1. Once the Cβ-Cβ distance between residue 39 and residue 115 is put in as r, and R0 is 25 Å, what FRET efficiency do you end up with, to the nearest 0.05?
2. If each of residue 32 and residue 126 carries a label point 7 Å out from its Cα toward its Cβ, how far apart are those two points in nm?
3. Going highest first, how would you order 91-98, 77-84 by mean Cβ packing within 10 Å?
4. For labels at residue 47 and residue 167 in the simple 7 Å Cα→Cβ model, what's the distance in nm?
5. With labels modelled as points extended 7 Å from the Cα through the Cβ direction, what inter-label distance (nm, one decimal) is found for residue 94 paired with residue 146?
6. Relative to the first principal axis of the alpha-carbon coordinates of the chain, what is the inclination of helix 5-28, with its axis defined by its Cα atoms, in degrees from 0 to 90 and to the nearest 10?
7. Using the scaling law 2.2 N^0.38 Å as the reference, what is the normalised Cα Rg of the chain?
8. So, R0 is 22 Å and r is the distance between the beta-carbons of residue 6 and residue 85; what FRET efficiency does that work out to, to 0.05?
Ligand code: HEM
């Protein structure tokens, strides 16, 4: 059993965007040249707004399209670990996307992409809320990074060592015609 094309496309598009967001976030919060910092902030906030929508859509998709079961060759404890990691990834993605949005809008800062298409901020200015969201955003990144590392290591182990078909449930990004699910 394998994932369909919508789940695969969402997975790989979000994988690229989230890795770019983490890299941009980590670089732009250092003391770097101002023009580069400004560009990274604009990228991070605008891409973050897109991710907010994608995360919501992906959760809705996952709830209405359950994941195909892992093969019987995967031991029960590993199945549980995979389930917990995937659940954790969803939770941390929501926390990161929402805390980023709350931090920026409560701080009274612009989100260029949303401003350009005329979407007003949903929250009014509130410095205390902005600081709390900033703390959550900066702290939750560690959880997200650890879970991504575990997820990539497990995927690489299945794809390169076990070669048990688990990796090809999600790769390539478009489901090959001969696979089911
Ligand atoms: C899955 C989505 C997101 C990921 C993975 C992510 C990741 C990160 C990371 C790793 C940092 C560096 C934090 C640090 O080291 O202190 C950061 C900072 C930041 N992010 Fe995000 N982010 C996401 C969504 C957003 C969104 C939606 C916004 C706003 C629209 C946003 C706005 C910011 C801002 C303004 C900072 C600078 C720190 C601050 O002043 O709060 N992020 N992000």
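1. Values: r = 16 Å, r/R0 = 0.64.
Between residue 39 and residue 115 the formula returns 0.95.
2. If labels sit at residue 32 and residue 126, their model points lie 3.2 nm apart.
3. Details: 91-98: 18.9, 77-84: 12.9.
Going by the mean number of other Cβ atoms within 10 Å, highest first, we get 91-98, 77-84.
4. Roughly 2.5 nm, to one decimal.
5. Here the answer is 2.0 nm between the modelled labels.
6. Between helix and principal axis, roughly 40 degrees.
7. Normalised Cα radius of gyration, the chain: 1.15.
8. Working: r = 21 Å, r/R0 = 0.97.
Efficiency for this residue pair is about 0.55.
Since every read-out is calculated from the coordinates, none of them should be taken as a lab result. Note that the structure is a prediction, hence the values are computed from the model and not measured. Every residue, glycine as well, gets a Cβ built from its backbone with ideal geometry; the counts of neighbours run over all protein chains shown.
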